[in-house]
1. So which pairs qualify, if the first residue must be in segment 1-30 and open to solvent by less than 50 Å² (accessible area, probe 1.4 Å) and in a helix (DSSP H, G or I), the second must be basic (Lys, Arg) and at pLDDT 70 or above, the Cβ gap must be under 6 Å, and the two must be at least 6 apart or on different chains?
2. Does segment 334-356 contain at least one residue that is modelled with pLDDT under 90, open to solvent by 70 Å² or more (accessible area, probe 1.4 Å) and out of contact with any Asp or Glu (no Cβ under 9 Å at 6 or more places or on another chain)?
3. Only residues that are part of a strand (DSSP E or B) and either buried (at least 19 other Cβ atoms within 10 Å of the Cβ) or among the small types (Gly, Ala, Ser) (or both): list them for segment 307-319, please.
4. Could you grab me the full set of residues in segment 221-240 that are among the hydroxyl-bearing types (Ser, Thr, Tyr) and either touching a residue at least 12 places away in the same chain (Cβ under 8 Å) or in contact with a Phe, Trp or Tyr (Cβ under 8 Å, 6 or more places away or on another chain) (or both)?
5. Looking only at segment 295-310, how many residues end up being over 16 Å from Phe284 (Cα atoms) and of a type in the set (Lys, Arg)?
6. Within segment 190-230, track down each residue that is open to solvent by less than 40 Å² (accessible area, probe 1.4 Å), modelled with pLDDT of 70 or more and in contact with a helix residue (DSSP H, G or I) (Cβ under 8 Å, 6 or more places away or on another chain).
7. Select from segment 135-166 the residues that are of a type in the set (D, E, K, R) and at pLDDT 75 or above and write down the one among them that is surrounded by the most Cβ atoms within 10 Å (Cβ to Cβ).
8. Taking segment 269-283, which residues are without any contact (Cβ under 8 Å) to a residue 40 or more places away in the chain and under 12 Å from Ile313 (Cβ atoms)?
Amino acid sequence: MNREEYLKMRNELLEAAQKAIEAGDSETFEAKSKEVEELDARFEKSAQQQADLNALKGAVKPPMQMANVDGISLLDRENGEDKEYRKAFMNYVMKGGKIPMQNTDATTVTDNVGAVIPQTVLNRIIEKLESNGNILSRVTRTHYKGGVSIPTSEAKPTASWVAERGDVDSFAKTTGSVSFTYHKLKVKVAISLVVDNVTMEVFERTLADNIAEAMIRALEGAIINGTGATYHQPVGILTETAVEGQTVAITGDVTYSDLLSIEAALPSAYEAGAVYVMHKKIFFTKILSIVDDNGQPIARVDSGFDGKPRYSILGREVVLTDHMPYTISSTAAKLIALVDLKQYMINTNMNVTVSTYTDEDTDDKVTKAIMLADGKLIDKNGLVFVTIKNS
C-alpha cells in the first residue's frame, strides 16, 4: 500500500464515520473508527518494514548533480534523489561510507562541512513548551449524543421533633436544571505543497500532537474563563458567581489570616475534593513566603512519587494553570479559586473528527479537526473565590 492509497482509504473511512455521526448511528461510527485505527497500524508497519529494507541495501545511487556545496538546497528531488542522499548520509554514519556528490570547488574548508549534512536528518521539531492537561484530567467528562439536562435542587427538607401522634407540614421540593448544548471547537493546520513533499515524516507525527494540544489548551481555557453561549464557549469557573459569603476580598499582601478566612469560607460538605487553582506566579510571589504565627511555612513544594513537584497550602493541593490571571491592579480580580474540579462537567457528543483536504487556491494540504462540546460548573455551592487588589 503506497501513501496515496492509504490517504484515500483513510479519508473515505473518516467521511463514512462523519455521516454515521450525523445519522446518529453509533455502531457504524465505532466500526469505522476501528477500521481507521487498523488501517493506520497496517500502514505504519508497512512503512517501517520498507524503511528497514532500504537500510539493509548496500548500494546507494548517487544523487543528481549539485552546483556546489552551498547549492545543496537546489538538489533535484523529482525522482526521490533527496531520499537517496539521506540514505547515503545514513550509510556514512553507520558504515563510514562516502557521501557521493560533485563539488566544483577545489577545496572544501571547515566552514563548508556543516553544509554537506542533510538539513532534514534531525527527526525532531523544536517547539515552545506549554503546560496543558492538568485541568482537563480533573473535570467530569461525559459523551451523550444529544443535549443533557441535570436536575438541581437548592432546598433540603428538615426533620422536626413532635409529640405523640403529632404531625408536620409536608415539604414541597422544588427543582431546577443545568442544561448543556453544543459549541464547535475547530482547529485547522495548513502545510504547503513543498513542505509536504520534501520534509521528513516527523511533521505528520507532530501534527497530530499539535492538534491535540491546541484542543486541550482551548478546552482548559474555557473551563477556567469561558464566556458562555454569547461567544460560543462553555461557561468558565471564573464566570460564575460564588454563593454569598464565599468570596474573600484581599487588599495588598496575602496573610496567614487571609488563608484561614478562605478555608473557613469553604462548606465542610465540599472539603474532601476541593483544590486551590491559581497561576504559578501568584503561588510563588504571594503565597509561598507566608508563615504562620510560629514562623512555619503554610505553603509547600514537595517532590511526588514520580519526581514531579507537588504544591500545597495548609495541606490542600494546589493546581497551577496558565489560564488563571495573575495581574494585580487597583481593581479587585479573581486570582484564586477554591473548588472541586470534579463538579465541572464537559459533555461532548463525538470524538474528535479529523479530515484532510487540499486548498485549491494555495495548494496547501489542510488538516481539520472538529469537536462539539459544552461545559459548566454543575454545583457551585462549594466554590470559593479570592479577589486581590493593590493597597
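The values are calculated or read from the model by the stated rules, or taken from the named source; none is laboratory data. Remember, it's a predicted structure, so these values are computed and weren't measured experimentally. Cβ placement follows ideal geometry from the backbone for every residue including glycine, while neighbour counts extend to all protein chains displayed. We work out accessible area using only protein heavy atoms, side chains counted, and drop any ligands, DNA or RNA first. Shrake-Rupley method; radii C 1.70, N 1.55, O 1.52, S 1.80 Å.
1. These pairs meet every condition: Leu13/Lys32; Ala16/Lys32; Ala17/Lys32.
2. Yes, segment 334-356 contains at least one residue that is modelled with pLDDT under 90, open to solvent by 70 Å² or more (accessible area, probe 1.4 Å) and out of contact with any Asp or Glu (no Cβ under 9 Å at 6 or more places or on another chain).
3. Hits for segment 307-319 are Tyr311, Ser312, Ile313, Val318.
4. Thr227, Thr239
5. Result for segment 295-310: 1.
6. Leu219, Glu220, Ile223, Ile224, Gly226, Gly228
7. Looking at the filtered set, the residue picked out is Arg138.
8. Once the filter is applied, which keeps residues that are without any contact (Cβ under 8 Å) to a residue 40 or more places away in the chain and under 12 Å from Ile313 (Cβ atoms), segment 269-283 yields only Phe283.
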